[in-house]
1. Of the residues His79, His124, which is surrounded by fewer than 18 Cβ atoms within 10 Å (Cβ to Cβ), within 22 Å of the chain's Cα centre (by Cα) and modelled with pLDDT of 95 or more?
2. Name the pairs whose Cβ atoms lie under 8 Å apart, with the first residue in the stretch 173-202 and basic (Lys, Arg), the second in a helix (DSSP H, G or I), and 6 or more positions between them or separate chains?
3. If you take the residues in the stretch 191-213 that are among the aliphatic types (A, V, I, L, M) and within 30 Å of Asn66 (Cα to Cα), which one is surrounded by the fewest Cβ atoms within 10 Å (Cβ to Cβ)?
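The values are calculated or read from the model by the stated rules, or taken from the named source; none is laboratory data. The structure displayed is predicted, hence computed values, not measured ones. We place every Cβ from the backbone using ideal geometry, glycine too, and count neighbours over all the protein chains shown.
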Amino acid sequence: MRATNWTYRLARAGAGVLVTLGVLGGCTAAPPPTNSAPVIVPGAPGEEASTIPPGEATVSEQPGPNDADKKFVKDMIVHHRQAVHMAGLAPERASSSDVKGLASRIHDVQGPEIDMMNRWLSQHAIPTVNPDAPHGHGGGAMPGMATDEQLAELEKARGDGFDTLFLQLMIAHHQGALTMADEVRKNGMDIRVQEIADDVTAEQSDEIRRMRKWLDG
């Protein structure tokens, strides 16, 4: 009787091991999930985007930045730097709390964006831009840039006079940034640069609306 019981117990244990191994074998046999979504590849300037079937896209097939992308990023760093400089004048000169709040936002947002764009240049083995170096603001190389004379006038202004001049110059400055963003969206290739251009358009279009409202009010 005891031998029969032991034989029964061993048989049950062996069956349990086989079931466990069968379950584990079933788990490891399942193929890993694959991404079935097609990859969208931007077209050349003036051309429509194309798609690549899933599994066929490689890093080498993704388009790199072209001259329009590189120019946009380099110019926007300088463009941002002037806006940050103008915003830095507001705390001691502006009288409007709205102007001070907007200037603080411009300083806090566009300063880090300068660092982000320089990192993008480094990632693509492109020389970075020193935003504090002289860039000839009065030359009119970029749309919306204030001239040296306008900056000097803004630095001398105080109170309501500063508020009005700051809003006028910053609206023109933001409109210039929108022009630059539109241009790179038409002629650029790099996906990250397109995202930067979209962010610039969204942020600065909203700020233009607010600044115009303050000027009119």
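1. Step by step, each of His79, His124 is checked, and only His124 is surrounded by fewer than 18 Cβ atoms within 10 Å (Cβ to Cβ), within 22 Å of the chain's Cα centre (by Cα) and modelled with pLDDT of 95 or more.
2. These pairs meet every condition: Arg185/Gln194; Arg185/Ala197; Arg185/Asp198; Arg192/Trp120.
3. Only one residue fits best here, namely Ala202.
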